[in-house]
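Notes follow once the structure below has been shown.
The values are calculated or read from the model by the stated rules, or taken from the named source; none is laboratory data. Values in this document were obtained by computation on a predicted structure and should not be read as measured data. Note that we place each Cβ from the backbone using ideal geometry, even for glycine, and neighbour counts take in every protein chain shown.
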Amino acid sequence: MTEYIGIDVSKQSLELWDGTQEDEVPNEKGLKTLKKLLKKRYGGEWNETVRFIYEPTGPYSNYLRAFAAEHEVQVVEVNPKKSANFAKVVGNRSKTDTVDAKTLSAFHALLAEED
């Protein structure tokens, strides 16, 4: 079963939401804290189980993009306009990192598996 992890990317941190749990890890080169968290939560083959969904935020998402490529994690980069429109449709009016991560996690339901 694929686990979609909504990630709100900022300069300092990554806010994660997988549908049941919320976490925050530092946005740092190598993302070692993220790797430890994923191994602990999803086991040794975590990279075959998870799929990241996030808005590309210029240079702030570079570490996440490189991490996903290195570990062969499938990603969905969502156009910020589309996720903002989706948030409006589902009634998410507040704009916090946690709400954004949860919205992105929920957004995967609209995506075709091939995306």
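Summary table below
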read-out	value
Some residue of segment 27-49 being touching a strand residue (DSSP E or B) at 6+ places or on another chain (Cβ under 6 Å) and of a type in the set (Asp, Glu)	no
Odd one out for Leu110 among (1) closer than 15 Å to Gly6 by Cα; (2) of a type in the set (A, V, I, L, M, F, W, C); (3) out of contact with any Lys or Arg (no Cβ under 8 Å at 6 or more places or on another chain); (4) modelled with pLDDT of 95 or more	(4)
Residue check, Leu64 of a type in the set (A, V, I, L, M) and either in contact with a helix residue (DSSP H, G or I) (Cβ under 7 Å, 6 or more places away or on another chain) or farther than 14 Å from Glu77 by Cα (or both)	no
Segment 83-97 - residue that is at pLDDT below 70 and under 17 Å from Gly19 (Cβ atoms) and, of those, surrounded by the fewest Cβ atoms within 10 Å (Cβ to Cβ)	Val90
Qualifying residue in segment 42-63 (condition: farther than 23 Å from Ala106 by Cα and among the basic types (Lys, Arg))	no
